[in-house]
Each structure stands twice: as C-alpha cells, then as structure tokens.
Amino acid sequence: MSPLRVGVKISMNPSNAMKILQFEDMRLEYEKGEVWGSIRNGSSAFGDEDGGQIYFLQSNYFAQTEKLYLRINKVQALSKEEAVAEINTETGEWLNQPEDQKIQLLTSNKSHVVLSMKNWDSETFPYDLFSSIIDAKGKEVEKSAIGTYSDEGSSKWNVSFRQSNYTNPLKLELFAYPNYLEGDVKVELK
C-alpha cells in the first residue's frame, strides 16, 4: 500500500467450477463510502510467483481510515471447459468455444485469423480475447500482431501468428469474455 496506489493479491481456489477472467468492478471503499478504483492508464495487474494475481487500485488523494473494505460487484467468468477455445485454422472449424457462441470466425489460415463478436464494440468490450495460443503438440504459437477494431456494432480481432509451422488445432486461452457474474461482495480488510 502506498498513498496513491494499493496492490490487492487475489488467488483463485483451484476447485472453482468457473474461471474468473476479468474483474469489471473491484474497488476499495472506506467506511464513509470513499472509493479507490481501478487504474485507468498503465499496468493494472500482474501475476506473482504463487500463481495469484496482484490488481492495483488507485486513489487521487491521501487518506487515513478506520475501516477498509474490498468490494466486488461484477466479474467476467466462464466454466473452465469453456475458458479455452479450440480452432482448426486450416478448415476454419471451431472445435470448442463458449456455449453461447458469441465469437464468430470470419476467416482463417495458418498465418492469421479474423474473429468477430456482434453487439460488442471497443467501448463496451475493450479487451484482447486470448492470453495464449497453444498448438496440438503443446507448443506456444506467438502472436506477431493483433488488430482490434469496431465495425457495424461488432468488435473484430485480426490476429497474425509469428510462425505457421504449428500443428492444428490451436487452443486459445480466453483472457476476457462478455459473460458476467454479478453480486455484492464486501470483505472487511481493516
């Protein structure tokens, strides 16, 4: 904790049926309702050596408080089976993706894929879709470029691969997905 920033370490229970992808509404709140919110620019989270994630929250002022609460009201989450999409880039075939099938494959080949999600744009869903891409032999396929843009009420991702000598199908670990759990979590920290 520093005067203008605090790191909140969160470790996920491995027995959870759902995988938490993104915390949409996480904040620290003082007893009088004053809030430390998400960092708007720069680094807002990173993994640590214990497998947890450290999320940074910011405040625009110095404050001392008697009580401090962690509040979470909205997270992106999927079942663990749905959190990894699988695609054959040569045939253009989905082998696995979230059940609601919001992601559409527009084009694909060994060097790139173009994906679309209707009714979502960069304002409502400002995320990259995938954190990692693994081929059928377990080798990582590096992204050489990602183009994200909005077009006619849809978000589109043009993902180019650094190498094309991988073995299909590709497993795409979802980094973000517009499937939400909402509630009112309040944990007293101080």
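The values are calculated or read from the model by the stated rules, or taken from the named source; none is laboratory data. Please read these numbers as outputs of a predicted model, since none were measured by experiment. In this analysis, Cβ positions are derived from the backbone assuming ideal geometry, glycine residues included, and neighbour counts consider all displayed protein chains.
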Tell me which of these Q101 doesn't satisfy, since it passes every other one: (1) part of a strand (DSSP E or B); (2) of a type in the set (S, T, N, Q); (3) free of Cβ contacts under 8 Å to residues at least 24 places away in the same chain.
(1)
Being surrounded by fewer than 17 Cβ atoms within 10 Å (Cβ to Cβ), more than 17 Å from I87 (Cβ to Cβ) and not small (G, A, S) is the filter here; which residues of segment 122-147 pass it?
E123, T124, P126
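Quick grid of which residues meet (1) at positive phi; (2) assigned by TED's automatic domain parsing to the domain that holds F125; (3) out of contact with any Lys or Arg (no Cβ under 7 Å at 6 or more places or on another chain); (4) modelled with pLDDT of 80 or more:
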residue	(1), (2), (3), (4)
E34	no, no, yes, no
R40	no, no, yes, no
G52	no, no, no, no
L70	no, no, yes, yes
K74	no, no, yes, yes
N88	no, yes, yes, yes
W94	no, yes, yes, yes
K102	no, yes, yes, yes
If R162 satisfies all but one of (1) more than 21 Å from the chain's Cα centre (by Cα); (2) under 22 Å from Q76 (Cβ atoms), what's the number of the condition it fails?
(2)
Neighbours by Cβ (under 7 Å, 6+ apart or cross-chain): first from segment 69-80, farther than 24 Å from E188 by Cβ; second acidic (D, E)
Q76/E24
Quick check on segment 75-95: of everything there that is under 19 Å from the mean Cα position of the chain (by Cα), surrounded by 15 or more Cβ atoms within 10 Å (Cβ to Cβ) and of a type outside the set (A, V, I, L, M, F, W, C), which residue is nearest to S154 (Cα to Cα)?
Q76
Filtered residue count, segment 104-129, keeping only those that are part of a strand (DSSP E or B) and out of contact with any Lys or Arg (no Cβ under 8 Å at 6 or more places or on another chain)
5
Quickly run through segment 150-162 and pick out the residues that are touching an Asp or Glu at 6+ places or on another chain (Cβ under 7 Å) and outside any strand (DSSP E or B).
G153, R162
Look at N60 and say whether it is at pLDDT 85 or above and not aromatic (F, W, Y).
no
Can you tell me which residues in segment 125-171 are of a type in the set (D, E) and modelled with pLDDT under 90?
D128, D151, E152
Give me a count of the residues in segment 169-188 that are surrounded by fewer than 16 Cβ atoms within 10 Å (Cβ to Cβ) and not in a strand (DSSP E or B).
1
Kindly indicate whether any position in segment 170-182 is of a type outside the set (D, E, K, R) and farther than 29 Å from L28 by Cβ.
yes
